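Coordinate-derived values only; no laboratory data. Here the structure is a predicted model, which is why all the values come from computation and not from measurement. Cβ placement follows ideal geometry from the backbone for every residue including glycine, while neighbour counts extend to all protein chains displayed.
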Amino acid sequence: MTKVDEVLESVLEGYASFLRERMLAPLRHQPYLVRWVQEFLLFAEQHRGYTFEQTLELFLAALGERVSITPWQIQQAADALRIYRYQYRADASRAEEARPTPTTTGTDEGQLARLQEVIRLRHYANSTEKAYLNWTRRFLAYRHQAGLTGEPTAADVKAFLTRLAMVEKVSASTQNQAFSALLLLFREVLRRDLEEMAQTVRARRGRKLPT
C-alpha cells in the first residue's frame, strides 16, 4: 500500500467513524455513504483545480451518465459528500487547529535554519520566507506524526501534498506554494536528486467549468 493509499484509507475510516458516532444515517446505509466518498476522492484526483462544489457537480453529472445509477442514488451520493465536506471535515479542521505543534528535532531545526539562510541570500520577501518556513515545519511535523524516519523522500512529499488536497482541501495555489517550499528544501538544503520528485502530484490552478 502506498502512502497515498494510506491517506485515503485513513480518511475513509475517519468518515465512517464520524457517521456512526453522529448517527447521521441508518447503519445499513453508512457503508454506501463511505463508498460514495471514496469514489468522489478518486474522481477529484483526476479533476484538480476546481472548487469542491464544482467537482461535486462534475461527479454527480458523471454518475447520471451511468445507466445503472438511479436518481435516489445520486441524491444519496450528494448527501454523503456534503456531510463529508461540511460536517466531517469541519470537525477535523477544528481538531487539527487545537492539536499542539509537535516538537521539532535538532536535525529539523538545522534544516530550517539552513533553509532560512538560503531564502535570505536570495532576497525573497519576508512574507515568502515566513510561508516557506511554515510549510517546511508543517511537512517535518507531518513526518513525525506519521512515524517516518530517516531523510525526507519524494514519497513523503507526495503523501503530504495529497493530504493537503484530499483531507484539508486547500486551494491549488496554496498546495503549489507548499510544493515550492519543499522543492527549495530538497534542492538547496538536502541536496537530493530531484528526478523522482518530477512525479510528485501538484494541483493545477483553478479553471472555469466548460460551458
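Could you give the length gained by full extension between Glu168 and Ala16, i.e. 0.36 nm per residue of separation minus their alpha carbon distance, to one decimal place?
53.0 nm
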Problem set entry | Quotient of Cα Rg and 2.2 N^0.38 Å for the range 1-88, N being how many residues it contains | 1.07
Exercise. Going 7 Å from the Cα of Glu57 toward and past its Cβ, which residues in the range 144-167 have a backbone nitrogen under 13 Å from where you end up?
Worked result: none
Exercise. Listed highest first by mean packing, meaning other Cβ atoms within 10 Å per residue, what order do 45-54, 129-138 come in?
Worked result: 129-138, 45-54
Exercise. On the first, second and third principal axes, largest extent first, how far apart are the outermost C-alpha atoms of the range 117-198 in Å?
Worked result: 33, 27, 23
Seminar exercise, completed: Answer in debye to the nearest 20: the dipole magnitude of the range 106-199 about its Cα centre, from +1 Lys/Arg and -1 Asp/Glu charges placed on Cβ, is 240 debye
For this session: Would you calculate the separation in nanometres between label points at Arg114 and Gln145, each defined as 7 Å from the Cα along the Cα-to-beta-carbon direction?
Result: 2.5 nm
For this session: Arrange the following residues from fewest to most other Cβ atoms within 10 Å of their Cβ: Trp72, Trp36.
Result: Trp72, Trp36
Seminar exercise, completed: Computed ³J(HN,Hα) along the range 74-84: with the Karplus parameters 6.51/-1.76/1.60, θ = phi - 60°, integer Hz and x for glycine or proline, the list is 5, 5, 4, 5, 4, 5, 4, 6, 6, 4, 4
